[in-house]
Amino acid sequence: MTEFALILLSAVLVNNYVLTKFLGICPFLGTSSKVETAIGMSFAVMFVMTLASTASWLVQQYVLIPLELQYLQTIFFILIIASLVQLIEMMIHKTSPVLYQALGIFLPLITTNCAVLGVAILNVQQEQTFLTSALYGGGAAIGFALVLILFAGIRERIDVSPVPAAFKGSPLALITAGMMSLAFMGFSGLVKV
Amino acid sequence: MPAMLRTLARKMGLMAHSFSGGIHPDMHKLSAASAIEDVGISPVLILPMKQHIGSPCSPLVSVGDKVLRGQKIAKSEGYLSVPVHASTSGRVVKIEEHAIAHPSGMGMPSIFIEADGDDLADESLEPLTDWRNVDPTVLRERARMCGLAGLGGAVFPTFIKLVQDKRFPIETVILNGIECEPYLTNDHRLMVEKASDILDGMAIIMHMVGSSSGIIAIEDNKADAAEAMQEALDTKEGMDGVQVKVLPTRYPQGSEKQLIYSLTGREVPAGKLPMHIGVICQNVGTTKALRDAVMLGRPLTERIVTVSGDALPNPANLRVRLGTPIRSLFARQGLEDFSNIQVIHGGPMMGERLRHPDIPVVKSTSGTLALSQNAMQSAHTVESPCIRCGHCSEVCPASLVPNLLADFCRSDQFDKAEDYKLFDCIECGSCSYVCPSNIPLVHYFRYGKGQIALGRREQAFAEASRQRSEGRDERLAQEEAAKAARRSKVRKTHAPKPAAEPETNTLTSATDNTPAATAKPEEKS
Amino acid sequence: MTESMTGLLYALGSLGAFALCAGIVLAIAQKVFHIEGDPMIDNIDALLPQTQCGQCGYPGCKPYATAVAGAQADVNHCVPGGERTMLQIAALMGVEPKELEEEASAPMLAFVREDECIGCTLCIKACPVDAIIGAPKQYHTVIGDHCTGCTLCVEPCPVDCIDMLVKPELIEHWAWPLPDTKRSQLGHERREQHAGHA
Amino acid sequence: MSLIMLSSPHAHGGDSIRMMMFTVMLALLPAAAVSIYLFGWLAFLLIVSCMLSALATEAVCLKMMNRPLSTVLDNSAALTGLFLALTLPAATPWWMAVLGSVFAIVLGKQVYGGLGHNIFNPALSARVILLISFPLSMTTWIMPMSAMAPAIDLYDFSICATIFFAGTDALLATSQLSLDAISMASPLGHVKTEATLGVPVAEALKAYDYSYLDAFLGFEAGSIGETSALALLIGGIFLLARHSITWHIPFAYIGTVLLLAAIFNQAAPDQFASPMFHLFAGGLILCAFFMATDPVSSPVTPMGQIVFGIGCGVLTWSIRSFGGYPEGAMFAVLLMNCAVPLIDHYFRPRVFGHHVDEQNAGKKQ
C-alpha cells in the first residue's frame, strides 16, 4: 500500500513530467491560457496517459515479448496513443464543441506528446507490473494536470498584468514555468523510489 | 472559519448579530446640534420629472398654468413610479431639460414654477386622522398619490413596500434611523425634534402591513435621538411591540440588508426583498412624510436637507421645498464662491459629485456637501497598482472580493465579474475608502455593471431582431412557395391571373406575421 | 532467410492486426459520437448583433456565422458588433483577435420624413427585421424600438426621404466609463483646467 | 465644468502603500538588530548592499520601461532587499548578494509588470535561485558571535570586509583557519545529515549541544535574519497589531507544522523532531509572519489564507522531514505561491445573501 502511495507521489510531485523531466512542454504552454481549457486538456491527457500506459504494458507483455518484436515498441505505442487520441477527440467534439475549439491543434498533438510516449516507454524500461504501470501512468497524468492547472491560474493573472512588452506571452510564461520548476526542486529527495 | 466562530458565539449569546466588514470613517457630524431651520420659498422651483427609482413621469400641466402647493403636476407612468407635486403655489413658467444630480451630466425634463409667495395649498386630499379604521389598501394608494419615495437616498417608491401579502407576513417593521454617512444629520435632527410624528408614521406602517412588532434602529453616536425616540415611545399609546435599539456605529449599517442582518440575524437572500423574510425597513424621514400624507393629507413637497462640508462656514439642517436650487442653500449658509470647492449631492461615501451647484433639491437629496479641494484630492489621488492586501475584502459588507472584481471589470472580463457576484455590490465605497493604493474600486464596479447592462440590452435586442428576421425569412419563403404553387397552377390552367395579391400581403403581414414584433416590446427598453 | 522472413511476417501481421482492431474501434466510436451540423454556428450567431446589415459581405448574420465557423471568413468583419463582438468570436474560435477593418459608427436609427414619403413600400421590403410599417400609398413609419440601423432601407427609397439619425442616448442607459488612471484624478483635472485657462 | 468622472466615495482612510511597506520594515528591525549582534559587520554589509542594489535595480527597470521613477521610493524594493538579506547566510559574498537582489527585482517582480503583479515572493524566488546555483555558499553557516568560542571576530570590520568582498576562501588563505573552524551546521542541517546516517533525532541534537532557549533567542547558526524566533515574533505581533497582516496565514502555517510535528514525534520520536524544534529552527517564523504574508503573492480571502497557510505548513514539514533539503520553508511558500490564483478562485467567502435559505428556515422556527 505504502509502495503504491509512494509511486503515485513520486510520479505526481517528485518526478513531475513537466517540471522536473521537462516533457510535454508544448501542450503545457499551449493549453494553459485559461483554467477551463487547462482542465479540459488535463482530463484528455489523463485519459490518454492512463490508458496508454496500461495498454502499452499489455501489448508489451502479451504481444511484443512473446513474438520477440520489442524493436517495434515505439511504433506500437504510437499506434495505441494515436487511436486513443482519436477516440478522445471524437468524444470532446461531441460533448463540448467549445472545448474542442479551444484546444484546437493541441488535442491531436497529444499523440506526439513526448510525455505520453515517455510514460509508456519508461514503464516498460522500469519493468513495472501491470498495476504499478497503471498507477505510474495515472500519477504522471495527475502531475501533468496539477501543474497545467496551476500554471493556467497563474497565466490568467498574468494576462491582466501590465507586463513589459518584451516579456508578453511566451517569454514570461517560460520564466514562470522556470520559477515553478525551481519551486518543485524542493520536492527532490522527498521520495526515494 | 471566522464566520463559523461568529455564528457559534452568536448561538451561545456571546455576541450580537452584526454584518461583516464595514469601516469607521471620520463622521464629521458638524451639524448634529443645529436645529432644523425653514429656508422659506425660493422664487423659482425646478421639479425634475423623475425623482425616484423607476420610470419617469409625464407633465400634467403646461406653461402658464397656475398650480397650488401639493397639486399633482406630473403623473407616474408604470407601476414602479410615483407622481411629482408642485411644492408651492405659483405659475408654470417653462418645461424644459435641466441639470440634475446625475454623474453623466445629462439633464432631465423639469417643470419650472415661479412662486407667487402665497403658498396656497391644494386641499383636495382629506386628512385621515382616524387611519386605524381605514383599509390598508386605501392608505397604500394615499402613499402612492402623495409621491412618497424613500428619503434615505435610494428613493424607492414607498407604497410598493407597504403591502400585505399572505405569502410573506411581515413580522417586524424596522425604522431606519442609522444615518451612517459622514456629515449627514437630517435624520438625526428629525428624530430629536419630531419623535412623536415619526412614531405616528411607524404606527401607520405597522397598521398597513399588519405587524405588531417594530424596531427603531439608531447608532450609538446619536444618543440624544435615541433618548428622544424612547421618550416619545414611552408616552405613545399602543406601541408596545416597538423597541429602540442602539447599535454600535459602523458604516454602512444603514444599508437596508445589512441593517436587517444586524437586528435580526437574518440575511435577505440575493435578488429578494426584505418582505420575503418578513421584514420591512423604512427611513425615518419617509415615515414622517407618510404620517403627513395620511394624517394631514399633504403630498411630499419638502424634505430635510443637511447642508455641510469642511468648506462650508455654517453647516445646518434645513427644511427645504423640493425644487429649490442647491446654490441658494449654500448661499444661505455663507458660501458664494465655488472656485476650489467640490459639491457633493448626498454623503461623501455614496453621494454624487456635482459639476456645479445649479441643481434642484429632489426627493433623494438627504444632504449636500461643500468639500474643500484638499479633502477631495486626498480621496482621489493617483491610483497605484493593487498589492492585494485584502483590506477591501475585509471591509466589504457583502463579502465580495473587491480587488479581483475590479481586475475583471478593468480587463472587461464581465462573465467572471458576474461569477464573482458583481451585482451584489451595494456601492457603499468601503473598499475604496480603505484601499492603500487609492484604487477607485466603486468606479470600476459601476463601469462593469454599466457594461454588463449594456451587453444584456444589446443581446436582448439582437435576439428580438433575430426572431424578427427569421420570421421575415419564413414569411418570404412561404410567399415564394405560394407564388410558385400558383404559377404552376396557372401554367396548368393556362389562365393568367393578376399578381397584385402577394404585394398587399407583404404589407399587412409586416406586423402580423412577426411574433417578436409585438411579443417583446419591453425587451429593448 | 526464412527466420527473418517469419520475423517480418510476424511484425507485419501483428502490426496489421492491431491497426485493424484500432480501426474498428474508431469506426464504432465515429458512429457513437456522430454530430449533426456544426454547433459552433449557433454559438457564433448568438454573439452577432443581428442587424442583418450585410456589411460583412454575407447576406445576414447567420450566413456570416456559418462562414466563420467553417473558417471561411475572418472574425473581424462584423462592423456593428465592433471590437467586443470580434474579441468574443475570436475567443470562442480560439483564434488570435484581428484588427477591425472599419470603425463602428454610433448606433443609428432610420427615420422616414413622412411628408415626402410616396408610400412605395420599397423600404418595407428591404427592411430585414420588419421594422417599417405602412401600406401602399400611405406614409411609412420606422418602429424605433425595432430598427437596427442597418441602412438597407436608404438605398431603395426612390424619393430619398429616409434619414439615418444618431440614436438618442437615454439617461437610464448611460453607463460609467472606465476610470482613466492617468486623467481621472483631481490633481490632473485641476492642472488641465489651469492649462485650459492659460 | 469638466468632463472627468469621479465616482463615490469622496473620502479616504489615508492608508498608503508606502506606509504599509514601512511598517513591515519597522517590524523587521528587531530581527535585523539581532542579526547584526550575531554576525557583526557581515550582517550589516549584507543588509545594506541588498537594499541598495534592490533599489538601484528597481530604478533601472522602471527607467527602461518608461514608468514613473517615483515608485522606487514606495519602499517595496527596499523591503525586498531587506527580506533577501535576512534569508542569506552571513558569509555570502557581495556579488551573490547583488545578483540575488537583481534576480529578486527583475525576475521576481518587474517582468510581471512591477509591484502588485508578481506571482512569487521576489525575495524568496531570488533566495531559491541562489540556493540552487550556489548550493555550497548558501549552506555554509558562519559561527555566530554568540557561539562559545567564535573563531573569528565578526565585529572586526576588516575581517568582515575580507569575507564580504573577497570571499571566505580569501580569509582562510591568509589566516590559519579551516572552513570547519569558522562555520558550523545549522540545527536542521545537522539533524538531516545525522538522520541519513540513522542517528535518532534526540542523540543528534545532544551531539549538537542544542538548547531550545538558544534557538528561541537566536543564538544558533542559520541565515542572518531567521535565527531569532523572539525578534521575529516581536515583529510579527507588531504587524498583527498594526493590522498589516491578519492572523490567518501565520497561525494556519505554524499551527499545521506544530500539529504534524507533534503527531509524528509522538508516533516515532527517533525519526521525527519535536514541534518546538521545528518551530524555532530555520526560517519557519520568518516565512510564516513575513514571507507567506506578503500580500501580493498570498491569497486575498481569509478562507484562502488559511488554506494557503495549511499548505505551507504541510509542505514545510514534509520537506524538512523527508526531502533532500534540510529546510523546506522557502520551497513551501514558493510552491504555495503557484497555487494562489486557484486558491483565490475556489475559496471565496460566501457572498452576503447567497445560499441562505436553510439558515433562514432554521431561524424562523
Requested in this report: Kindly indicate which of B:SER81, B:SER62, B:SER31, B:SER18 is at pLDDT below 95, within 14 Å of chain C (Cβ to nearest Cβ) and more than 30 Å from C:LEU178 (Cβ to Cβ).
Outcome: B:SER81
Query raised in the report: Any residue at all in the range D:188-195 that is over 26 Å from the mean Cα position of the chain (by Cα) and either among the hydroxyl-bearing types (Ser, Thr, Tyr) or surrounded by fewer than 17 Cβ atoms within 10 Å (Cβ to Cβ) (or both)?
Result: no
Requested in this report: Please give the number of the condition D:PHE39 fails out of (1) in contact with a strand residue (DSSP E or B) (Cβ under 8 Å, 6 or more places away or on another chain); (2) within 11 Å of chain B (Cβ to nearest Cβ).
Outcome: (2)
Report summary line: Of the residues in the range D:328-365, those that are buried (at least 24 other Cβ atoms within 10 Å of the Cβ), modelled with pLDDT of 90 or more and of a type in the set (Gly, Ala, Ser) come to D:ALA329, D:ALA332
Report task. Tell me, yes or no, whether the range B:391-408 has at least one residue that is at pLDDT below 95 and within 9 Å of chain C (Cβ to nearest Cβ). Result -> no
Query raised in the report: Residues of the range D:197-216 being part of a helix (DSSP H, G or I) and either touching a residue at least 40 places away in the same chain (Cβ under 8 Å) or more than 27 Å from the chain's Cα centre (by Cα) (or both), which ones?
Result: D:VAL201, D:ALA202, D:GLU203, D:LEU205, D:LYS206, D:ALA207, D:TYR212, D:ASP214, D:ALA215, D:PHE216
**Report entry** Scan of the range B:314-367 for residues that are assigned to a helix (DSSP H, G or I) and either of a type outside the set (A, V, I, L, M, F, W, C) or surrounded by fewer than 20 Cβ atoms within 10 Å (Cβ to Cβ) (or both), ordered by number
**Finding:** B:ARG327, B:SER328, B:ALA331, B:ARG332
Query raised in the report: In this structure, does B:SER62 turn out to be touching an Asp or Glu at 6+ places or on another chain (Cβ under 8 Å), among the polar types (S, T, N, Q) and assigned to a loop (DSSP other than H, G, I, E, B)?
Result: no
Report task. Test each condition in (1) surrounded by 19 or more Cβ atoms within 10 Å (Cβ to Cβ); (2) modelled with pLDDT of 85 or more for C:GLY81 and report the one that comes out false. Result -> (2)
Report summary line: Exactly one of B:ILE439, B:ILE452 is part of a helix (DSSP H, G or I) and hydrophobic (A, V, I, L, M, F, W, C), and that one is B:ILE452
Report task. Can you confirm whether the range C:156-177 contains a residue that is under 30 Å from B:ASP407 (Cβ atoms) and crowded, with 19+ Cβ neighbours inside 10 Å? Result -> yes
Query - Pair list, Cβ < 6 Å and 6+ apart or interchain, from the range B:443-466 residues that are farther than 27 Å from C:VAL129 by Cα to residues that are part of a helix (DSSP H, G or I) - result: B:TYR444/B:ALA406; B:TYR444/B:CYS409; B:TYR444/B:ARG410; B:TYR447/B:CYS409; B:GLY448/B:CYS409; B:GLY448/B:ALA417; B:GLY448/B:LEU422
Report task. Please tell me if B:ARG475 is more than 44 Å from the chain's Cα centre (by Cα), more than 14 Å from chain C (Cβ to nearest Cβ) and not acidic (Asp, Glu). Result -> no
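Residues checked against (1) at pLDDT 90 or above; (2) surrounded by fewer than 21 Cβ atoms within 10 Å (Cβ to Cβ); (3) among the aromatic types (Phe, Trp, Tyr); (4) touching a Cys at 6+ places or on another chain (Cβ under 7 Å):
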{"site": "D:HIS10", "(1), (2), (3), (4)": "yes, no, no, no"}
{"site": "D:GLY13", "(1), (2), (3), (4)": "yes, yes, no, no"}
{"site": "D:SER16", "(1), (2), (3), (4)": "yes, yes, no, no"}
{"site": "D:ALA27", "(1), (2), (3), (4)": "yes, no, no, no"}
{"site": "D:MET51", "(1), (2), (3), (4)": "yes, no, no, no"}
{"site": "D:THR57", "(1), (2), (3), (4)": "yes, no, no, no"}
{"site": "D:LYS63", "(1), (2), (3), (4)": "yes, yes, no, no"}
{"site": "D:LEU73", "(1), (2), (3), (4)": "no, yes, no, no"}
{"site": "D:SER76", "(1), (2), (3), (4)": "yes, no, no, no"}
Query raised in the report: Are there any pairs, at least 6 apart or on different chains, whose C-beta atoms fall under 8 Å, with the first in the range C:124-139 and farther than 18 Å from B:ALA464 by Cα and without any contact (Cβ under 8 Å) to a residue 40 or more places away in the chain and the second of a type in the set (Gly, Ala, Ser) and surrounded by fewer than 16 Cβ atoms within 10 Å (Cβ to Cβ), and if so, which?
Result: C:GLY134/C:GLY119; C:ALA135/C:GLY119; C:PRO136/C:GLY119; C:LYS137/C:GLY119; C:GLN138/C:GLY119; C:TYR139/C:GLY119
Requested in this report: Kindly state which helices (runs of 4 or more DSSP H) lie completely within the range D:1-114 and contain at least 3 residues that are within 22 Å of D:ILE285 (Cβ to Cβ).
Outcome: D:17-64, D:76-86
**Report entry** Top-ranked residue of the range A:51-77 - restricted to ones that are within 15 Å of the chain's Cα centre (by Cα) and surrounded by fewer than 22 Cβ atoms within 10 Å (Cβ to Cβ), ranked as nearest to the other protein chains (Cβ to nearest Cβ)
**Finding:** A:LEU51
Report summary line: Note on C:ASN43: of the conditions (1) closer than 21 Å to B:ARG468 by Cα; (2) more than 10 Å from chain A (Cβ to nearest Cβ); (3) of a type outside the set (Ser, Thr, Tyr); (4) in contact with a helix residue (DSSP H, G or I) (Cβ under 9 Å, 6 or more places away or on another chain), unmet is (2)
Query raised in the report: Out of C:ASP45, C:ASP38, which single residue is surrounded by 14 or more Cβ atoms within 10 Å (Cβ to Cβ), modelled with pLDDT of 85 or more and among the acidic types (Asp, Glu)?
Result: C:ASP45
Query raised in the report: Say we look at the range B:204-247 and pick out the residues that are free of Cβ contacts under 8 Å to residues at least 40 places away in the same chain and under 30 Å from B:CYS392 (Cβ atoms); which of these is surrounded by the fewest Cβ atoms within 10 Å (Cβ to Cβ)?
Result: B:ASP220
Query - Hits in the range D:274-299 - residues which are assigned to a loop (DSSP other than H, G, I, E, B) and either among the acidic types (Asp, Glu) or surrounded by fewer than 24 Cβ atoms within 10 Å (Cβ to Cβ) (or both) - result: D:SER274, D:ASP294
Query raised in the report: Condition test on D:ALA252, is it closer than 30 Å to B:GLU394 by Cβ, in a helix (DSSP H, G or I) and of a type in the set (Gly, Ala, Ser)?
Result: yes
Report task. Starting from residues that are among the hydroxyl-bearing types (Ser, Thr, Tyr) and more than 7 Å from chain D (Cβ to nearest Cβ), keep the ones in the range A:149-193 and report whichever is surrounded by the fewest Cβ atoms within 10 Å (Cβ to Cβ). Result -> A:SER170
Query raised in the report: Quick one: how many residues across the range B:251-286 are in a loop (DSSP other than H, G, I, E, B), on the phi < 0 side of the Ramachandran plot and within 14 Å of chain D (Cβ to nearest Cβ)?
Result: 10
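The values are calculated or read from the model by the stated rules, or taken from the named source; none is laboratory data. Model, not experiment: these values are computed from the prediction. Quick reminder, even Gly has a Cβ in these numbers, built from the backbone with ideal geometry, and neighbours come from all protein chains shown.
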